[in-house]
Amino acid sequence: MRVTNMSEAIRFHFDVDGENFSSAGEASVMVKKKLRQLGFSPDVMRRVSIAMYEGEINMVIHAHGGTADVIVGEDAIEIILADKGPGIPDINKAMQEGFSTASDNIRALGFGAGMGLPNMKKYTDYMQIDTEIGVGTTITMRVNY
Amino acid sequence: MYEIQSLLHAELLCGEEYLQNEVYSACCSDMMSDVLAYVKDQGVLLTGLINPQVIRTASMMDMICVVFVRDKAPTEEMVELARECGIVVMCSPMRAYEACGHLYYSGLRGNAGDKHV
Ligand SMILES: Nc1ncnc2c1ncn2[C@@H]1O[C@H](COP(=O)(O)OP(=O)(O)O)[C@@H](O)[C@H]1O
Ligand SMILES: [Mg+2]
């Protein structure tokens, strides 16, 4: 983890390992701890945690890992998840509750119910998906506080 | 949570210092995706799934206790993670259905009600 402390914002950077499922979610646990130290309310922490965790897991199970950046701004927490995975062919479909391309292997690990993206949308105030087939996906989310 | 431990004949793996805290509701699932999507304020997670994401999911959801059923043993790494997150971990020989039945019958409901264990 790299922490940058500029005058206007605190920034956390993580590399999310896509080869090792057992570490999936580590960055989100770390961010929650940092937000608690910074004194954020349980509600804000919970929303950031769930959205980031779902996105982090997605990067591991669908996109061979990537990077996660969290920027604590003046009135919002921004989460940027970037990967060089396969991209999302149909965003509208992917956003539907229950839609999942996860394999049975993934489901045996407890994930792949197709609720991740809808959940990320639900718990954040802003969410944008930039994706290109064969190039990767970047998801930007914001939770206002 | 003492009562949960005794009702489920569970072995305590970590979090003894939190055992006196009370919980008001619980949920049971092997799908962490469902826990993330449907759980509201349940304090206890019963599961038969073994991986670090169980602990991380519980932590993300502000849950304070994880019970592994069917005598499934979490790894030392998972217990260490739970310690860091301040989560109580127990291991029960009961099956999920049985364990839930015992807790439900003792007043621990699926959503935050007024009874507690
Ligand atoms: N980072 C990603 N890269 C490629 N595909 C993704 C990514 N995130 C999500 N997807 C696609 O969108 C679908 C829905 O995602 P989600 O709602 O999180 O459900 P789940 O992860 O349970 O499959 C996934 O099954 C996958 O096909
Ligand atoms: Mg997902």
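Once the Cα atoms of helix A:42-63 and of chain A are each reduced to a long axis, what angle between those two axes, in degrees from 0 to 90 to the nearest 10, is obtained?
Helix A:42-63 sits at roughly 40 degrees to that axis.
Counting Lys and Arg as +1 and Asp and Glu as -1, what is the net charge of the other residues whose Cβ lies under 14 Å from the Cβ of residue A:136?
-2
Roughly how many debye, to the nearest 20, is the charge dipole of the range B:2-105 about its Cα centre, given +1 on each Lys and Arg Cβ, -1 on each Asp and Glu Cβ, and no other charges?
In debye, rounded to 20, the range B:2-105 gives about 300.
Keeping all protein chains in the complex and leaving out DNA, RNA and ligands, what accessible area do you get for residue A:130 with a 1.4 Å probe, in Å² to the nearest 10?
Here the residue's solvent-accessible area equals roughly 70 Å².
What does the helix-only formula give at 222 nm for chain B: each DSSP H stretch with n ≥ 4 adding -39500 (n - 2.57), the total divided by the residues, and the result rounded to the nearest 500 deg cm²/dmol?
-10000 deg cm²/dmol
Running Debye on the range A:1-137 with equal point scatterers at the Cα sites and no solvent, what base-10 log of I(q)/I(0) appears at q = 0.12, 0.15 Å⁻¹?
Treating every Cα as an identical point scatterer, log10 I(q)/I(0) equals -0.46, -0.72.
Heavy atoms only, probe 1.4 angstrom, no DNA, RNA or ligands counted: give me A:133, A:10, B:4 ranked by accessible area, highest first.
From most exposed to least exposed: A:133, A:10, B:4.
Specify the residue with the greatest mean-square fluctuation among B:104, B:38, B:24, computed from a Gaussian network of chain B linking alpha-carbon atoms under 10 Å apart.
B:38
Please compute the Kirkwood hydrodynamic radius over the protein assembly as shown, one decimal place, Å, based on all pairs of different Cα atoms. Walk me through the numbers on the way to the answer.
Details: mean 1/r = 0.0531 Å⁻¹.
One decimal place: 18.8 Å for the Kirkwood radius.
When chain B is modelled as a GNM with alpha-carbon springs shorter than 10 Å, which of B:96, B:37, B:73 fluctuates the most?
B:37
With an 8 Å cut-off on Cα pairs and a minimum separation of 6 or more residues, tell me the relative contact order of the range A:2-144 in percent.
Here the relative contact order equals 25 percent.
Can you tell which of A:37, A:128, A:96 shows the greatest fluctuation in a Gaussian network model of chain A with Cα springs below 10 Å?
A:37
Apply the Debye scattering formula to chain B, with a single equal point scatterer on each alpha-carbon and no solvent, then give log10 I(q)/I(0) at q = 0.10, 0.16 Å⁻¹.
The computed values of log10 I(q)/I(0) come out as -0.23, -0.62.
At 1.4 Å probe size, with the rest of the protein present, what percent of the exposed accessible area of the range B:2-105 is carbon and sulfur atoms?
51 percent
The values are calculated or read from the model by the stated rules, or taken from the named source; none is laboratory data. Not measured: the values here are computed from a predicted model. Please note: Cβ atoms are built from the backbone with ideal geometry, for glycine as well, and neighbour counts cover all protein chains shown. Protein only, heavy atoms only, side chains kept; ligands, DNA and RNA dropped before computing areas. Shrake-Rupley method; radii C 1.70, N 1.55, O 1.52, S 1.80 Å.
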